[in-house]
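The values are calculated or read from the model by the stated rules, or taken from the named source; none is laboratory data. Keep in mind that what you see is a predicted model, and the values were worked out from it rather than measured. Quick reminder, even Gly has a Cβ in these numbers, built from the backbone with ideal geometry, and neighbours come from all protein chains shown. Accessible surface areas use protein heavy atoms only, side chains included; no ligands, DNA or RNA. Shrake-Rupley method; radii C 1.70, N 1.55, O 1.52, S 1.80 Å.
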Amino acid sequence: VLIDDGWLDADYKKQVLKGLDAAADKFPGGLGACVSKLKKEYGIRQVGVWHAVMGYWNGLEPGSPAREALQEGSRILEDGRIVPDAEAGKAFRFYDTWHDYLRNICDIDFVKVDGQSAVSLFYAGRKEYGRASGEIQKGLNASAALHFDNQIINCMGMASEDMWNRPSSAVSRSSDDFVPDVPHGFREHAIQNGYNSLLQGQFFWGDWDMFWSDHEENWQNSILRAVSGGPVYTSDKVGRTDGKFIMPLLKKDGRVIRCEEVGMPTLDSLFENPVDTTHVLKLFNRYRDSYVIAAFNINKEDQACEGSVSLADLPGLDGGTRILYSYRERKAVRLEAGKDYSFRLEPNDGELFLLLPDKEFTVLGILEKYIGAGCVETVREGKEKTTVILSEGGTFGFLSGRKPTAVMYDGVKAETEGKETEGSGSSLYQVRDPFGESDKEGRIVEIIW
């Protein structure tokens, strides 16, 4: 759980921080009591908080408990604003004092630090941007490393003086905010995250921001996160969560099935404008020995778009063969070099594809998940039997050139359906979980040849 902007003891009109703990009118027992309840009563393992890089948007309130506590690490600017000092040692004292309180008194596990590129605005004319940001980043990162084991999400810090100067951070926002009330806000969100990752992805894993699972663009937002490689979080209103657009991203224990690199535009999307044309925006990432491709129709005229997937779309794949799997259609097609798979997307729609190794036997995993292989723990192949250990149940999928004689799901013979893979001698097999929606976490599938 991340407790976002609004929890702070601050003057929200002047936008200055008054105290290190939470606002008493919102958190009568203090921040620590809220965190304790989340962890003990609701089983939340980690709780983080948002704060601005300056403390709050305009720094600290003069004469406040926050100003007194953070005095050694702060500086009064000529216009009277009180902000972290742009000298690494003093900046560290600013964040170290606050983070020590958050960690040891309130039991906070991580922080999201916003407004980072505002350092150049606060220190304009007083210090070079690169030096000011570099010094504050050193102090902030050192404190986050000390108190939160580097568990920090950097936010609104995409300026070059921020990107180049973080000594230990791993995650940074790569777009403007998710804007649920702006019609077709997804278009800008997808473009910013995808194309910004070409540069920022060389430095950090991207935080592609939150989304609402019950929003009209929930399908597009959900599969966008599947390919991002970064954290996944929602800001649903209470009682408005739609699990259909969250659970395909996760294992049952809450762990994200996360791609291993940073989501990037495919090669054929690099120099096309998918808003002003009917070109389909495609973003890709890698998971183990497979690739994940999310495709979107974000044409501003609401026209249907014709798209295609080929091996030439991905760097280094223009050769050999792969099996393409369509998530929604549950359809498999063999892709050769020089060939492509064509598809059609209606306005404001999207689709998710997997590019899998073209082998005699390939496990897709749990087909209800966007990346089903994320639920595969172990595969033991044999001449007469192949055993697959899964983290949880669901429809199990695999590709095979051999037809199985039977499939056992936790010792029970399971209903199995085979469908030929286009252009290949193999078939896509779907094995129905005979135990349905049971809460049992582990599953053992035995494929008898």
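Observations
- Shape call, the stretch 362-414: gyration tensor on alpha carbons, a/c limit 1.5: prolate
- For the chain, the mean residue ellipticity at 222 nm estimated from helices alone is -6000 deg cm²/dmol, where every DSSP H run of n ≥ 4 contributes -39500 (n - 2.57) and the total is divided by all residues, rounded to the nearest 500.
- Under the shape rule built on the C-alpha gyration tensor, where the axes satisfy a ≥ b ≥ c, the stretch 71-172 is oblate, since a/c reaches at least 1.5 while a/b does not exceed b/c.
- Anisotropy class of the stretch 218-321 from Cα gyration tensor, a/c 1.5 cut: oblate
- Using C-alpha pairs below 8 Å separated by at least 6 residues, the relative contact order for the chain is 8 percent.
- Looking at the chain, the accessible area is 44 square angstrom per residue; that uses a 1.4 Å probe and ignores ligands, DNA and RNA.
- Between R328 and E260, the FRET efficiency estimated from the beta carbon spacing at R0 = 25 angstrom works out to 0.60.
- In this structure, the residue pairs whose Cα-Cα separation is over 30 Å, taken from K251/K385; K300/K359; K14/K138; K339/K359; K13/K237; K13/K127, are K300/K359.
- Taking amide H as placed 1.01 Å from N in the peptide plane, I298 has its amide H under 5 Å from the amide H of L281, each at least 5 places away in sequence or on another chain.
- In this simple spin-label approximation, E306 and A145 carry label points 7 Å from Cα along the Cα→Cβ vector, and these lie 5.5 nm apart.
- The candidates E61, E87, arranged from most to least accessible area with a 1.4 Å probe in the full protein assembly, appear as E87, E61.
- Approximating the spin labels as points 7 Å out from Cα along Cα→Cβ, the A124-to-S168 distance works out to 3.3 nm.
- In the list [x] 24.5, 96; [y] 22.5, 71; [z] 24.7, 80, the label attached to Rg and Dmax of the Cα atoms in Å as derived from the coordinates here is [z].
- Estimated FRET transfer efficiency (E216, T378; beta-carbon r; R0 51 Å; 0.05): 0.80
- Loop-resident GluC sites (Glu not before Pro) (DSSP state other than H, G, I, E or B) in the stretch 219-318 with no more than 11 further Cβ atoms inside 10 Å of their Cβ: E260, E301.
- The stretch 166-241, accessible surface, carbon-and-sulfur percent (1.4 angstrom probe): 55
- Stretching the chain fully between K359 and K339 yields a gain of 5.4 nm (0.36 nm per residue, less the alpha carbon separation).
- Straightening the chain between I105 and E420 buys 107.4 nm, computed as 0.36 nm per residue apart minus the Cα-Cα spacing.
- Computed 3J(HN,Hα) for the stretch 70-78, one whole-Hz value per residue from the Karplus formula 6.51 cos²θ - 1.76 cosθ + 1.60 where θ = phi - 60°, is 9, 4, 5, x, 10, 9, 8, 7, 4, glycine and proline marked x.
- The label point for R288 and the one for D79, both projected 7 Å from the Cα toward the Cβ, are 5.4 nm apart.
- Square roots of five times the Cα gyration tensor eigenvalues for the stretch 1-115, Å: 25, 15, 11
- Its Kirkwood hydrodynamic radius, worked out from the mean inverse distance over all distinct Cα pairs, puts the stretch 282-365 at 13.4 Å.
- Most mobile listed residue (I152, I44, I82) in the chain, GNM with C-alpha springs under 10 Å: I44
- Extension gain from L2 to S36, taking 0.36 nm per residue of separation minus the Cα-Cα distance: 10.8 nm
- Per atom type, the stretch 29-119 shows carbon and sulfur on 48% of its accessible surface, probed at 1.4 Å.
- Among the GluC sites (Glu not before Pro) in the stretch 104-169, those placed in a DSSP loop whose Cβ has at most 15 other Cβ atoms within 10 Å are E128.
- Listed values for the stretch 391-407 are Karplus-derived 3J(HN,Hα) couplings in whole Hz (6.51 cos²θ - 1.76 cosθ + 1.60, θ = phi - 60°), namely 6, 6, x, x, 6, 8, x, 8, 10, 8, x, 9, 8, x, 7, 6, 10, and x replaces Gly and Pro.
- Estimated FRET transfer efficiency (E188, Y12; beta-carbon r; R0 25 Å; 0.05): 0.35
- When the chymotrypsin sites (Phe, Trp or Tyr not before Pro) in the stretch 146-240 are filtered for DSSP coil states and for at most 12 other beta-carbon atoms within 10 Å of their beta-carbon, the remaining sites are W164.
- Karplus-derived 3J(HN,Hα) values for the stretch 415-421, using 6.51 cos²θ - 1.76 cosθ + 1.60 with θ = phi - 60°, are 5, 10, 10, x, 9, 4, 7 Hz; glycine and proline are entered as x.
- Put simply, the amide H of T421, placed in the peptide plane, has neighbours under 5 Å in S426, S427, L428, leaving out anything fewer than 5 places away on its chain.
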